Amino acid sequence: MSFELSELAYAYDALDPYMSAETMEFHRDKHHAAYIANANNLIKNSGFEGQSIEDICRGAYGKNQALFNNVGQHYNHTEFWNGMKPNGGGNKLPGKLQAAIDSDLGGYDKMRADFINAGMTQFGSGWAWLAVKDGKLEIMKTANADNPLVMGAQPVLACDVWEHTYYIDYRNMRPKYLEAWFDSLINWEYVEQMFEAATS
Ligand code: MN3
């Protein structure tokens, strides 16, 4: 078994103008592909061969950091692509997810503001997340390749805030990227699927 770039459910130009085909090409075919190539080299004779990607993330974290960084980035990017769709975003969320956002995160508007703030205040490279921990939704932020798996939580939505995600389309304006991403690209049906899997 080796790590592979997963199929995308949409075309590279389908997220335009919020995320351009040029960004998609660099981000998937250069950045994500490089993490996959590194992960496939580093997993050899690591003792982690054959484990699930989630178990490799949890097991390699802090113990085989080079392997974790590359496998983690592969996991994180796969969740990032899965969490977007053309004509996404908006505040009409699937019912079970909306109910959890209301009870755990203070409703849609507060959740949106807190999520964007998490992405804005992640100093340097990293990620903003919705994750389930102890049965409840939480907003998290992590540095570099870290993800909620290594914090005892299950990710349900990943937002990349590394500069390579937004520099072509938004230059240095991370807040503009975060707002556009949140309002126009999130695949809330995917988030609900992940939420149901994490809480069932
Ligand atoms: Mn990235």
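The values are calculated or read from the model by the stated rules, or taken from the named source; none is laboratory data. Computed from a predicted structure; not experimentally measured. Cβ: placed from backbone, ideal geometry, glycine included. Neighbour counts: every protein chain shown.
Quick notes on this one:
- Within the stretch 138-149, the residues that satisfy the criterion of being within 16 Å of the ligand (Cβ to nearest atom) and either among the charged types (D, E, K, R) or closer than 16 Å to Thr78 by Cβ (or both) are Lys141, Thr142, Ala145, Asp146, Asn147.
- Residue check for Leu15: assigned to a loop (DSSP other than H, G, I, E, B), surrounded by 21 or more Cβ atoms within 10 Å (Cβ to Cβ) and either within 16 Å of the ligand (Cβ to nearest atom) or not hydroxyl-bearing (Ser, Thr, Tyr) (or both): yes
- Filter pass, Met120 being touching a helix residue (DSSP H, G or I) at 6+ places or on another chain (Cβ under 6 Å), part of a helix (DSSP H, G or I) and surrounded by fewer than 21 Cβ atoms within 10 Å (Cβ to Cβ): yes
- Flag if Arg112 is within 15 Å of the ligand (Cβ to nearest atom), among the charged types (D, E, K, R) and modelled with pLDDT of 95 or more: no
- Of all residues in the stretch 150-182, those satisfying the criterion of being in contact with a Phe, Trp or Tyr (Cβ under 9 Å, 6 or more places away or on another chain), away from the ligand (no atom under 12 Å from the Cβ) and assigned to a loop (DSSP other than H, G, I, E, B) are Ala153, Asn172, Met173.
- From Asn76, Asn69, Asn87, Asn82, residue being surrounded by 22 or more Cβ atoms within 10 Å (Cβ to Cβ), touching a residue at least 40 places away in the same chain (Cβ under 8 Å) and within 19 Å of the chain's Cα centre (by Cα): Asn76
- Only residues that are more than 19 Å from Leu149 (Cα to Cα), within 16 Å of the ligand (Cβ to nearest atom) and among the aliphatic types (A, V, I, L, M) were counted across the stretch 22-76, and they come to 4.
- Restricting the stretch 90-115 to residues that are assigned to a helix (DSSP H, G or I) and either polar (S, T, N, Q) or over 16 Å from Leu137 (Cβ atoms) (or both), the residue that is nearest to the chain's Cα centre (by Cα): Gln98
- Given (1) free of Cβ contacts under 8 Å to residues at least 24 places away in the same chain; (2) not in a helix (DSSP H, G or I), index of the condition Gly59 fails: (2)
- Identity of the residue in the stretch 135-149, part of a strand (DSSP E or B) and surrounded by fewer than 19 Cβ atoms within 10 Å (Cβ to Cβ), that ends up farthest from the chain's Cα centre (by Cα): Lys136
- Among the residues of the stretch 38-56, those that are surrounded by 12 or more Cβ atoms within 10 Å (Cβ to Cβ) and either touching a residue at least 24 places away in the same chain (Cβ under 8 Å) or under 22 Å from Gly119 (Cα atoms) (or both) comprise Asn38, Ala39, Asn40, Leu42, Ile43, Ile53, Glu54.
- When Arg112, Arg171 are checked against the criterion of being of a type outside the set (A, V, I, L, M) and touching a residue at least 40 places away in the same chain (Cβ under 8 Å), Arg112 stands alone in meeting it.
- Total residues in the stretch 77-107, condition within 16 Å of the ligand (Cβ to nearest atom) and either hydrophobic (A, V, I, L, M, F, W, C) or closer than 18 Å to Ile36 by Cβ (or both): 7
- Among the residues of the stretch 18-51, just one is polar (S, T, N, Q), in a loop (DSSP other than H, G, I, E, B) and under 30 Å from Gly90 (Cα atoms), namely Ser20.
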